[in-house]
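One structure is given here, and the rest of the page talks about it.
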Amino acid sequence: MFEYKKNKAIKEKIYKNGKKSYYFQIYLGKDPQTGKKKITTKRGFKTPALANAAYRKIQTQVLNGTYEITTRSSKIFKDEYLEWFENQYRNTVKSSTLYKTKQIFDCHILPDIGDLELNKITSDILQPIVENWISAYKKPNIVARYAKRVFDYAYIKKEITANPFDHVLLPKIRSKNAKDSHNFLSTDELKKFVEYVLDNSSIDNPGKIEFFKAVFFITLAYTGMRKGELLALTWKDVDLENKSIDINKSIVTNESGKMALQPPKWDSYRKISINQLTFDMLSKLRKINNSKLVFPNQKDNYFNLSKPNNWLNSIIDMGLADYAAVFKLTHDKKYKSFIPRITPHGFRHTHATWLFEKNPGILPKTVQKRLGHKNIGVTLNIYTHVSSNQNELLSDTLNQI
């Protein structure tokens, strides 16, 4: 058991990640408002010496009668956040989620309210800050919800008398551009993309799209896998004989910002079949790939999660330029436009759209299991969108008749 010889009041806390911090409790006298004994706890010291210095300072102030006893916490928001993160939040989520949460606080929340005293933060102070989040960030409501959780934690501990976020207005966010929500390809756009990639990829021509990138995006489009699941794929997971893929892991960014393996999102383990084109592309790649990974980097390790975004942007840029050049020469309507700019994640929606359009009788539950959606509502939204398009086509056909 830890014991700091200079001051037995100093205690040690060891977190699951091995990090240590030190804290103490100290008697402050009687609360002038309630008449009850007042004891405070100070946490988060990196060394016993720092904790001891703070303890002695408060002790001296109490003895001299200069320590001001308050009924509510005077700690700053950042300290409350750190306590919430370690004691309340850390053990409830995966390492990759911890990293994303830290990014939200470090980049968005703490710069605005981190140094403000917790019990002096009011809804009037928060409202303009939240309005700034709405104009500055793509998902301001997520930022606000995380900040609110820290205040909820402080309220439960009775460090504040009310949560100021309960009186903050969060206006509905309207997309500045309808294209912002169009992160998928129609069946015709997917066909155009695949044909372009097949015609312009090569194993040994540096001027072409690298072959493994072509395989990556065709597999992504016709399996609906997440990019992290595909980057983590090994040849042991690919059953070419039975034309199937076993999805059992994913690449993520861990709490330290480094690449790591973890189960697929929502623990969505699944085994899916692949179509003939995907089979042909993977079979060809297997013949030139001696790694245990299907998509290894030059160091025979996992690619960073940001790489597929860069690859896709380059392919779309190339396609836009080629199509523009051909259209300028030929005025062929086929080359008037390429495809809209989407992200690798957009291929999941694309794949579901493709399945529903190819077979209107396919059940949403079947597509949900194939894509590993946690909630069937996500799948149903795509199904409803496709069905709506079909109804519009039917209406156009009837009007033509």
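The values are calculated or read from the model by the stated rules, or taken from the named source; none is laboratory data. All of these numbers come straight from a predicted model, not from anything done at the bench. Neighbour counts are summed over all protein chains in view; Cβ atoms, including those assigned to glycine, are modelled from backbone coordinates with ideal geometry. Protein only, heavy atoms only, side chains kept; ligands, DNA and RNA dropped before computing areas. Shrake-Rupley method; radii C 1.70, N 1.55, O 1.52, S 1.80 Å.
Report the gain in length on full extension from Ile14 to Lys243: 0.36 nm times residue separation, minus Cα-Cα distance, nm rounded to one decimal.
77.6 nm
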Express the carbon and sulfur contribution to the solvent-accessible surface of the chain as a percent, rounded to the nearest whole number, probe 1.4 angstrom. 51 percent
Å² per residue, accessible surface of segment 284-397 at 1.4 Å: 61 Å²
With Cα atoms, 0 to 90° folded angle of helix 307-330 axis to the chain main axis: 40 degrees
By how many nm would the segment from Thr60 to Lys100 lengthen if fully extended, with 0.36 nm per residue of separation less the alpha-carbon distance? 10.2 nm
Give me the number: length gained by fully extending Lys138 to Gln25, i.e. 0.36 nm times residue separation minus the C-alpha to C-alpha distance, one decimal in nm. 36.4 nm
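Using the Cα centre as the reference, give the magnitude of the dipole from point charges on the C-beta atoms of the chain (Lys, Arg: +1; Asp, Glu: -1; all else neutral), rounded to the nearest 20 debye. Provide the component values of the computation, followed by the final result.
Numbers: 66 positive and 39 negative charges, 351 e Å.
That gives the chain a dipole magnitude of about 1680 debye.
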Highest GNM mean-square fluctuation, the chain, Cα pairs closer than 10 Å: which of Lys20, Lys94, Lys284? Lys20
What figure, in Å² to the nearest 10, do you get for the accessible area of Ser314 with a 1.4 Å probe and non-protein molecules left out? 70 Å²
What does the net charge come to around Phe165 if you take all other residues with beta carbon closer than 10 Å to its beta carbon, with K and R at +1 and D and E at -1? +1
The rounded separation in angstrom of the Cα centers of segment 25-65 and segment 212-232 is 57 Å
Heavy-atom surface of segment 116-263, accessible at 1.4 Å and reported per residue (Å²): 53 Å²
Solvent accessible area, Å² - Trp354, 1.4 Å probe, full protein context: 50 Å²
Tell me, what is the percent relative contact order of segment 221-343, built from C-alpha pairs under 8 Å that lie six or more residues apart? 22 percent
Compute the FRET efficiency between Gln127 and Ala162 as 1/(1 + (r/R0)^6), taking r as their Cβ-Cβ distance and R0 = 22 Å, and round to the nearest 0.05. 0.90
Nearest 10, in degrees from 0 to 90: the angle of helix 95-104 to the longest Cα principal axis of the chain is 70 degrees
List the residues, sorted by chain then number, that are 5 or more residues from Gly29 or on another chain and whose placed amide H is less than 5 Å from its amide H. Lys38
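Starting from the eigenvalues of the Cα gyration tensor, five times each then square-rooted, give me the equivalent ellipsoid semi-axes of the chain, largest first, whole Å. Could the numbers behind the result be given before it?
Details: eigenvalues 582, 142, 72 Å².
Computed over the chain, the values are 54, 27, 19 Å.
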Provide Rg and Dmax in Å for segment 106-221, with only Cα atoms included in the calculation. 23.3, 68
Taking the Cβ-Cβ separation of Lys36 and Asp317 as r and a Förster radius of 60 Å, what is the calculated FRET efficiency to the nearest 0.05? 0.30
Rounded to the nearest 500, what is the 222 nm mean residue ellipticity of the chain from helices alone, with -39500 (n - 2.57) per DSSP H run of 4+ residues and division by all residues? -14500 deg cm²/dmol
Heavy-atom accessible area of Glu255 with all protein chains present, probe 1.4 Å, nearest 10 Å²? 40 Å²
Cα convex hull volume per residue for segment 252-400, in Å³, equals 184 Å³
What FRET efficiency, computed as 1/(1 + (r/R0)^6) with R0 = 35 Å and r the Cβ-Cβ distance, is obtained for Asp79 and Asn297, rounded to the nearest 0.05? 0.30
